[in-house]
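Undergrad: Below you will find the structure I want to go over with you.
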Amino acid sequence: MLEEVCSYLVARAARATAAGVSPDRVILDAGLDLGKTAEQSLTLLRGSAVLARLGHPLLLSARTRLFWASSSTSTFDHRREASLAAAALGVSLGCRIVRVHDVARTRLVCDSLAAVLEAA
């Protein structure tokens, strides 16, 4: 599945640049949770490093709904924590744009992650 999404994104990026969009204006989005099962979305999240190497900034949009579908015992608070973990994982694997609902907490997580990575 990851290979299919990579091929699709590369083709769409090429189509955009062929239509005159400057390559530095192209952003890739694997579409987590959009027409995909929770398992497929998690596979794409774990594959973020591969997607990030396609030559364009990678957008991560891990919705709380993704994590609701993956656990029947999740509460809203647990879904929020799972979304924060997904953002941290995605950023650590190369996502550079993150679409989130909880901006303040996600920013804290990403800033903390950056501090840890920079200290290494």
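The values are calculated or read from the model by the stated rules, or taken from the named source; none is laboratory data. Because the structure is a prediction, the values reported are computed rather than measured. Cβ atoms come from the backbone with ideal geometry, glycine included; neighbour counts cover every protein chain shown. When the accessible area is computed, the model is the full protein with side chains, heavy atoms only, and any ligands, DNA or RNA have been set aside. Shrake-Rupley method; radii C 1.70, N 1.55, O 1.52, S 1.80 Å.
Undergrad: If the only charges are +1 at each Lys and Arg Cβ and -1 at each Asp and Glu Cβ, what is the size of the charge dipole of the chain around the Cα centre, to the nearest 20 debye?
TA: Its charge dipole is roughly 240 debye.
Undergrad: Given R₀ = 35 Å, FRET efficiency for V21-R107 by Cβ-Cβ distance, to 0.05?
TA: So, using R0 = 35 Å, E works out to roughly 0.75.
Undergrad: Restricting to DSSP H runs of at least four residues, report the calculated mean residue ellipticity at 222 nm for the chain, -39500 (n - 2.57) per run over all residues, nearest 500 deg cm²/dmol.
TA: -18500 deg cm²/dmol
Undergrad: Something else now. Given a 1.4 Å probe, how much area per residue of the chain is accessible, in Å²?
TA: 60
Undergrad: Okay, next question. Would you mind giving the average projected area, over all directions, of the Cα convex hull of the chain in nm² with one decimal?
TA: The directionally averaged projection comes out at 8.0 nm².
Undergrad: H101: accessible area at probe 1.4 Å, nearest 10 Å²?
TA: 130
Undergrad: Would you work out which of L108, A19, L51 lies farthest towards the positive end of the dipole of the chain, given +1 charges on the beta-carbon of Lys and Arg and -1 on that of Asp and Glu, about the Cα centre?
TA: Of L108, A19, L51, it is A19.
Undergrad: Then there is this: Kindly report, to the nearest 10 Å², the accessible surface of L108 as traced by a 1.4 Å probe over protein heavy atoms only.
TA: Surface open to solvent at L108 totals about 110 Å².
Undergrad: Might you work out the accessible area of D102 for me, using a 1.4 Å probe with all protein chains in place, and round it to the nearest 10 Å²?
TA: 40
Undergrad: Tabulate in residue order the Karplus-calculated ³J(HN,Hα) for segment 93-102, using 6.51 cos²θ - 1.76 cosθ + 1.60 with θ = phi - 60°, rounded to whole Hz; enter x for Gly and Pro.
TA: Computed from phi, the couplings for segment 93-102 are 9, x, 5, 10, 10, 10, 9, 9, 8, 9 Hz.
Undergrad: Report the Cα centroid-to-centroid distance between segment 8-49 and segment 105-120 in angstrom, as an integer.
TA: 25
Undergrad: Simple spin-label model, 7 Å along Cα-to-Cβ: A49 to A114 in nm?
TA: In this crude spin-label approximation the distance works out to 2.2 nm.
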